[in-house]
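Here the structure comes first, spelled out in structure tokens, and everything after it is commentary.
The values are calculated or read from the model by the stated rules, or taken from the named source; none is laboratory data. A quick note: this is a predicted structure, and the numbers were derived from the prediction, not measured. Quick reminder, even Gly has a Cβ in these numbers, built from the backbone with ideal geometry, and neighbours come from all protein chains shown.
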Amino acid sequence: MASKLKTDILETVSGSGTIALTNQLSGMTHASVPSGSVLQMVENTRVHSDNLTTTSTTMVDSGLVTGAITPASAGSKIAVDISGFILHVNAANGNYGVQFQMFKSVNGGTYVKVNAGNMDGGCYDETGTHGWSDQNGSCSVLDTPSYTLGQAINYKLYFREDHGNSNGAYINHHGGILQGGALSITSRIRMTEIKG
């Protein structure tokens, strides 16, 4: 016959210190934790000094770090955060801005937008009265992907030149913060699985 222990407070004999758990508790699984619980966190990084540029007016792969996560539970949400990249604008040279958006691929499929909108962030400057400027870039989205257990989901940041550009969009521009390519930067993407 199984025993049942009911208590509001569990303390050591002295009332201080820690209680050692010599055997694992059974019954605690992904299915038993409440909705909204964090199930796992995965981070990928890429160290690079390449100059990422495009003259495309539609979203293209930025070349920054790619994230990959295999959900542990069905119906989870994935919070995706990417950072460690520099946006470059130089309105005097026609580089007015950069727009970016998070894309995903499920089980090796085609990359599609995470959100339905046209962009998830960017920067813009059309004054043309000063020199170039570099700005820290970051992007955070909450995804509700469709998948089956065992399928991996990949995330990438896509970018394009701003609609007013005439001379391209730049990330990690060698003429700016990464002058001469002598410096490198680490882009990182973190994916957090949240139980649905």
> Does the stretch 172-192 hold any residues that are more than 12 Å from the chain's Cα centre (by Cα) and at pLDDT 90 or above, and which are they?
Replying inline: 186
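Just checking: which of the strands (runs of 3 or more DSSP E) contained wholly in the stretch 52-114 hold 2 or more residues that are modelled with pLDDT of 95 or more?
Passing ranges, in order: 67-69, 77-89, 97-106.
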> Of all residues in the stretch 83-100, which are over 16 Å from residue 121 (Cα atoms) and either of a type in the set (Ser, Thr, Tyr) or in contact with a strand residue (DSSP E or B) (Cβ under 6 Å, 6 or more places away or on another chain) (or both)?
Replying inline: 95
> Across the stretch 145-177, which residue is nearest to residue 109 (Cα to Cα) among those that are of a type in the set (A, V, I, L, M, F, W, C) and assigned to a strand (DSSP E or B)?
Replying inline: 153
> Hey, any hits in the stretch 102-115 for a residue that's surrounded by 18 or more Cβ atoms within 10 Å (Cβ to Cβ), under 15 Å from the mean Cα position of the chain (by Cα), more than 28 Å from residue 33 (Cβ to Cβ) and not polar (S, T, N, Q)?
Replying inline: yes
> Among the residues of the stretch 159-177, how many are buried (at least 22 other Cβ atoms within 10 Å of the Cβ) and either aromatic (Phe, Trp, Tyr) or in contact with a helix residue (DSSP H, G or I) (Cβ under 6 Å, 6 or more places away or on another chain) (or both)?
Replying inline: 2
>> Any residue that is among the aliphatic types (A, V, I, L, M), in contact with a strand residue (DSSP E or B) (Cβ under 9 Å, 6 or more places away or on another chain), touching a residue at least 24 places away in the same chain (Cβ under 8 Å) and crowded, with 17+ Cβ neighbours inside 10 Å - is there at least one of those in the stretch 142-151?
In response: no
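Evaluate the following for residue 142: is it part of a loop (DSSP other than H, G, I, E, B) and aliphatic (A, V, I, L, M)? So that I can check it myself, show each step before the final result.
Numbers: part of a loop (DSSP other than H, G, I, E, B): no; aliphatic (A, V, I, L, M): yes.
It is false that residue 142 is part of a loop (DSSP other than H, G, I, E, B) and aliphatic (A, V, I, L, M).
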>> As an exercise: evaluate residue 119 against (1) in a loop (DSSP other than H, G, I, E, B); (2) touching a strand residue (DSSP E or B) at 6+ places or on another chain (Cβ under 7 Å); (3) more than 16 Å from residue 85 (Cβ to Cβ) and give the number of the one condition it does not meet.
In response: (3)
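Each row is one residue, and each column tells you yes or no for (1) touching an Asp or Glu at 6+ places or on another chain (Cβ under 8 Å); (2) of a type in the set (Phe, Trp, Tyr); (3) closer than 20 Å to residue 60 by Cα.
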position	(1), (2), (3)
112	no, no, yes
118	no, no, yes
124	yes, yes, yes
127	no, no, no
148	no, no, no
